[in-house]
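Read through the structure below, which is laid out as structure tokens, and then see the notes.
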Ligand code: KPL
């Protein structure tokens, strides 16, 4: 029987830490998950455990009804599979991308830009899978999630479902937030992956000595690319490190699981922009090479 629920049907693409986070955060909305690792997911947050069992489809499974909204939270290594899935099953849906890094627009190119809302999130969650059947995450920080306000009612409904997490902001603000997140990721992710430690232990690690010059280099690239970043970007970085202290960064999680990382969409993207702009990016370049060697 057709559902008469007026709320949009949401499909979450991915089954890693962030996908489980969103399945938990939007629990109660009509949603299902598409990915590799079938629920139940156990979510540890502030001393409590919630177990959720959203309806689930494997990538290759046919779906019964096209979703209204697709929340794209896969890793970059799964992006082409996610793109093909969207083109096959959800060509008219609104795609909300909350992936790390930059360049999604180009990578998702056949999907028309007016079907896409590229947002940014500072939510932090770490996978804690005990076994392949026992899928768990610990949520370190709910963070904040920003989505571009283009007047879509489906985004408004999502925002209303979680007004504590999701804010709709204008195009300039979203661009600046995406760059800020990119710059923070360009420091925290590779340094934590090389130091092999949780975010909160980074400031005590000798490699953290690189954080200042690296932040300055990434910032110069952003500014040369026309971004105006807040003056207190350095203290915002420190705040993010503290807020996500218990988190194992997504890059370190990838390295520990033997997966390829998102370095190309983070520091690699900054190197690419620096080359286009004719400015040097030695630290971003060195870190990109080191991480590519660590996790090819
Ligand atoms: O985005 C993150 C990541 O790990 O990719 C942060 C916010 C740095 C949290 O670890």
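A short reminder: the numbers here are calculations on the coordinates, not readings from a lab. These numbers come from a predicted model, not from an experiment. Neighbour counts are summed over all protein chains in view; Cβ atoms, including those assigned to glycine, are modelled from backbone coordinates with ideal geometry.
If R0 is taken as 35 Å, the Cβ-Cβ distance between residue 196 and residue 60 corresponds to a FRET efficiency of 0.50. Annotation: Cα Rg of the range 174-294 relative to the compact-globule expectation 2.2 N^0.38 Å equals 0.98.
With the biggest extent put first, the Cα atoms of the range 2-42 measure 30, 17, 15 Å across the principal axes. In terms of overall dimensions, the range 67-126 has a Cα radius of gyration and Dmax of 11.0, 32 angstrom. Averaged over residues, the count of other Cβ atoms within 10 Å places the peptides 90-99, 152-161, 205-214, 11-20 in the sequence 11-20, 90-99, 152-161, 205-214, highest first.
Considered as an equivalent ellipsoid built on the Cα gyration tensor, the chain has semi-axes of 30, 22, 18 Å, the largest given first.
If you bin all the Cα-Cα distances of the range 10-169 at 10 Å, starting from zero, the percentages per bin are 11, 43, 37, 8, 0. Each distinct pair of alpha carbons in the range 4-102 adds a 1/r term; the inverse of their mean, the Kirkwood radius, is 13.7 Å.
Take the alpha carbon atoms of the range 1-73, find their center, do the same for the range 124-184, and report the distance between the two centers in whole angstrom. One Cα centre to the other: 14 Å.
Histogrammed with a bin width of 10 Å, the alpha carbon distances of the range 92-240 distribute as 10, 33, 35, 20, 3 percent, first bin at zero.
The angle separating the long axis of helix 211-224 from the principal Cα axis of greatest extent in the chain is about 70 degrees.
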